[in-house]
Structures are given as C-alpha cells and as structure tokens.
C-alpha cells in the first residue's frame, strides 16, 4: 500500500541535500565550534556559513541570527527576553501554544497580556492592535501564518503600528519561512522565529532573528555562545542542515516555484465536492502549503485514523496538541461551533509531494468521509428536490 504524507506542518522530511550536508559533522568534522584549534575552526566556519544562508533568506545581517533548539525555544527567548513583570504584552487568540503558554507564564509573573480576537477567517484587525496599546506595552507578538489554517496575518501593518508606538514586535514565522518570501525589513519586526524541520531541515534546531539594538535578556546562562544571547554548545550538524535547507528554500522562492500552491488548490477543489465540506479561513490570504477543512457529520480524529489506515497521513491540527480533548483553540476563536471544529482536518503539503498523490489523497478522503457518515448518528445528507 503506498504511503502519502500530508502532515508537513507538523514536520517535513529533511531533503537529501540537507542530509548530505549534515553527514560530515557527525563524523570527521566533529569539532566544537568554540574551540580554537583546527577541528573547532572547521566547525565554526560551517556554523557561520549556515548563519549567512539563514540571514540571506530573511534579508538581515548575519549578526542578527541566533541559533536555538527549535521554534518553541526561539518563541520563548523572544518573549521572556523582552517582557517582564509590570510590562504589557499584546498577542492574538490564535497563536501557537509556544507563544500562548509563554504569555500565560508572563501573566503569572506579574505581566499584563491582551489576547486579541480574530474575525471569521482567522485574521487579526490591526485596528484592534492599535486600540490595545498602552503606555506600558513592551511587546506585540503576532504570528505570520497560522499553523492550523495557513491564514496569514497583516504583519506589515502591525509592524508599522509597533514602530509608531516604539514597542517591540515579534512574529512567529515558523509556517511561513521557506514557503513565501519573508523579509524582516519589510515586515518591520524586531524578532522573528523560524524552525528548520518546517522547511525540510532537521528536527531540533531553529533560529531567532533579533534586530540590532533590541534589548534581549538570555534564558540560558553559561558560555558566551551566540553573542551571549543563547548559551550552550552549538548543534553543528543541525545548524548546517538548517543553513542548507534555507539555501534551497531561497532558491525555490527566487525561481517563483508555485508547485505547493498548485497542489493545495487542486486538493481543495477536489474536496470541496464533498457534501458539507467547508474550508476554514478559505477567504483569507494563506500560505500555499496548508488546507484546513471541516467535514460535517464526522469526528476529525476518526477521519485521521481512517485515512492513516488507508496510507494517508494528515492531522486534526497542531502536532503539539495531539491527544487534546478540547477542540482547536484556533477554530473556536474563528467562531466555529465546537462540533465543526472537531470535524476539521488539516492537510499540509511539502516539496516531496506530487499531484498524483493529491489525486490519490482526495479519493481516500471522499471514501473515508462517506464511510464514517454511514456510521454517524448526526449526519443527515441534503435532500434532493
């Protein structure tokens, strides 16, 4: 039975070129990048080469890139590194839990946090951002693209508001970097998060862009790694992999590659034919790899299991929320009733996918939704007249 993987927003497979670039740093090039001898300098050169590739992808200085263990650490470093007790933070109700739970921790430590609502498409109103500002507002943190729906936020507008208010702006761009052009100067952010394994790099490594002049307190204390912003021996193989993935992503973006959008749009058109199917956030700008759909009369988790048995891997939402009893906080914030939120499934595509896989996947979804509805006590098909 052929296996099809449509859960790339959870993690994307490392490209062969990425694995090839990493391999020597597990073996003969094993040096510590902080050592001054030849082995260490070889590792240091590789780290700095990767830093150049990541900075080129974002349009920033190499000195503004801080390597981390992934997106969650980068989000936490941005938030805890800037805000403290007595400050005010503004975020949105649809952020990744790496941001939301960090903000909840800030509240417990004496920080005030405003959670902005979104409209029915999942988009934050920049006017709400402006109205939420206070004299003590220290940080705005609003994601570039949602991990569940793919909906893009008006981050450039928010960046201008932050600049006018003279407050820091952080954006979690984990699901956007490598999929669409992301330029930190155009966004106007002070801090930006990315993760290697979302753009066909290795798991366990990410980066935080920190604009020059940003006051950032470290979370980890030790050596003077990463310009004293993130202590700890660098993960050289992982960083090399991230650098190579960034280089490959930049090349595809420069070539105007629209294959992800083409596959996503084709999948969407095939699945819209299913009775009672709706696209979550379908009228908003979205990143090209993500499709969130609700199928009335079923449980999304049951559909995920049924499809997995047929060889198709999808998800109900964020991978870090797997096993959660509550429906998606993102879909609830968009105004979906709980039953429709629970009936939603996310399809996320990657560079390894093909149009033939899209056709196969659509057929499996049609079949599985029909079979689950036959067992559903709540599904009532439309009556033809």
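All of the numbers you see were taken from the coordinates with simple rules; none came from a lab. All of these numbers come straight from a predicted model, not from anything done at the bench. Ideal geometry is used to build each Cβ from the backbone, glycine not excepted, and the neighbour counts take in all protein chains shown.
Its residue count N fixes a reference of 2.2 N^0.38 Å for the range 288-373, and the Cα radius of gyration divided by that reference is 1.06. Percent of C-alpha pairs per 10 Å bin in the range 209-359, short distances first: 9, 28, 26, 23, 12, 1.
Relative to its residue count, the range 74-126 spans a Cα convex hull of 76 Å³ per residue. Specify the residue with the greatest mean-square fluctuation among 331, 163, 349, computed from a Gaussian network of the chain linking alpha-carbon atoms under 10 Å apart. Answer for the Gaussian network model of the chain: 163.
Considering only alpha-carbon pairs that sit under 8 angstrom and 6 or more positions apart, the relative contact order computed for the range 16-253 is 27 percent. Which of (i) 21.4, 81; (ii) 26.8, 97; (iii) 29.6, 126 is the computed Rg and Dmax of the Cα atoms in Å for the structure on display? Answer label, from the structure shown: (i).
Ordering 158, 36, 65 by the number of other Cβ atoms within 10 Å of each residue's own Cβ, fewest first, gives 36, 158, 65. What residue among 79, 187, 274 shows peak mean-square fluctuation when the chain is described by a Gaussian network model with Cα springs under 10 Å? In the Gaussian network model the winner is 274.
Residues 5, 221 in ascending order of nearby Cβ atoms (within 10 Å, fewest first): 221, 5. Sorting 88, 197 from the fewest to the most surrounding beta carbons within 10 angstrom yields 88, 197. In terms of its alpha-carbon gyration tensor, the range 1-72 comes out oblate; a/c meets the 1.5 threshold, while b/c is at least as large as a/b. Based solely on its DSSP helices, what 222 nm [θ] is calculated for the chain when runs of n ≥ 4 H residues each add -39,500 (n - 2.57) and the sum is averaged over all residues, nearest 500 deg cm²/dmol? Here the helix-only value at 222 nm equals -11500 deg cm²/dmol. Note on the chain: GNM, Cα springs under 10 Å; of 254, 165, 93, the largest mean-square fluctuation is that of 254. So what's the angle, to the nearest 10 degrees on a 0 to 90 scale, between helix 71-80 and the longest Cα principal axis of the chain? The helix 71-80 is inclined about 60 degrees to the chain. Between helix 236-254 and the chain there is an angle of about 60 degrees, using the helix long axis and the longest principal axis of the Cα atoms. The long axis of helix 355-375 is offset from the longest Cα principal axis of the chain by roughly 50 degrees.
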